[in-house]
Each structure stands twice: as structure tokens, then as C-alpha cells.
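Have a look at the structure below before the remarks.
The values are calculated or read from the model by the stated rules, or taken from the named source; none is laboratory data. The shown structure was predicted, so the numbers you read here are calculated from the model rather than taken from an experiment. Methodologically, a virtual Cβ is constructed for each residue, glycine included, from the backbone with ideal geometry; neighbour enumeration extends over all protein chains shown. We work out accessible area using only protein heavy atoms, side chains counted, and drop any ligands, DNA or RNA first. Shrake-Rupley method; radii C 1.70, N 1.55, O 1.52, S 1.80 Å.
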Amino acid sequence: MTLSDPVPWLQNGEPHSADPAAVASWYAVYTCARHEKRVAEQMEERRLQGFVPLYRAVHRWKDRRKEVLLALFPGYVFVHLALRDRLRVLEIPGVVSIISAQGKPIPLPASEIEPFRHAFGGLRIEPHPYLQAGRRVRVRRGPMAGLEGFFLRRKEGLRLVVSIEILMRSVAVEIDETDVEPCR
């Protein structure tokens, strides 16, 4: 590198292209109702890095009960890509749009998405109504370490409510009270 060469931008300590459209980030993709798993399958077939977090629920009918896997964030799938490749996602049947503001797709913080990509380590997790009020806490240890959210008390134990701000969606996870600390 000479003195006249431009200094490459750094992201996470690594040099990358000066073109923001070439930098891969996580994005939320809005899907048609109940198409999340199919959209995630299509992403995999097209070699796109995407996923849909799932949880187990028991559905009851008059004559039977069945355990089913449902989308933790109904109507949303997450994808990691450079914006220049967004057309590959928008062409997938069942995809409505990439979550945007003022016409620009909004990248999601990796710290909010990464914990959902890994197994929940036996934690019971389920959707929860979106909350804005409550005490904000950070998980200190375990499979959800580093995640921030609001906590609620229930008779059975502590429940941590994690909100994905851009989606205005929340999920609740049961957690041991000793594993959380207040955020400053």
C-alpha cells in the first residue's frame, strides 16, 4: 500500500469493500402468512444464508393433540446477504419484501440475531406480545448469553422477554434469575 492508496474500511476489524452494498448484513424478510418454513427452504436451495427460528407448540383439536413446529416470529425469515444480492431473495415465492425504512432495507444488529441461530440449549421459548415497558436485563451466561431484553415474573419462575425492535415482535424464554443482570 502506498500513501496515495485509500485506506480500506474496517468492519469487525477486517478490511472490506468501500461499497456498502457489497457488505453482508442480517435482514428481516417479510413473508406471506404461514410461508416462513417454505421461504427458508427456498433460500437454502438457492444457497442463501437464511433461517427461520422455530418453537414447539401443542395444538389441540376435539379428537387429538399434536406437537407442531411454528415460526417464532410469524411472517418473518432472516437472511444474511449483501444488498446487491437482494433480488435473489425478492424472487423467492412467498417473499413480500425486505423490511425497509424510507425505501432502504434496514440491517439488523448481529447481536440480536445470532442467539436465535443456535439451539436454545433446552430452554423453553415461545412468542410473546411486544413490550416497551419493563426492566431491561442482559443474560450473563448460558446459550442466550449477551442477549438483552425485559423480564417478567410468573408463578413458575422468571421469564425474559426479548424484543426485535425493527419487527416490533417479542419472544419469551424461561430463564434462571441468577443468569441475568440489570442493564445500565
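For Arg124, the residues 5 or more places off, or on other chains, whose built amide H falls under 5 Å of its own are Glu174.
Around the amide H of Phe151, modelled in the peptide plane, lie the amide H atoms of Arg135, Val137, Val161, all under 5 Å away and 5 or more residues distant in sequence or on another chain. Of the solvent-accessible surface of the range 46-94, computed with a 1.4 Å probe and all protein chains present, 48% belongs to carbon and sulfur. Each other residue within a Cβ distance under 14 Å of Pro74 adds +1 if Lys or Arg and -1 if Asp or Glu, for a net charge of +2.
Karplus-based coupling profile of the range 64-74, in residue order and whole Hz: 6, 10, 8, 8, 10, 9, 10, 5, 5, 10, x, with θ = phi - 60° in 6.51 cos²θ - 1.76 cosθ + 1.60 and x standing for Gly or Pro. Near the amide H of Gly142, within less than 5 Å, lie no amide hydrogens of residues on another chain or at least 5 residues away, with H placed in the peptide plane.
Backbone phi angles across the range 98-109, fed through the Karplus curve with coefficients 6.51, -1.76 and 1.60 (θ = phi - 60°), yield HN-Hα couplings of 9, 4, 9, 9, 6, x, 10, x, 9, x, 8, x Hz in residue order; Gly and Pro are listed as x.
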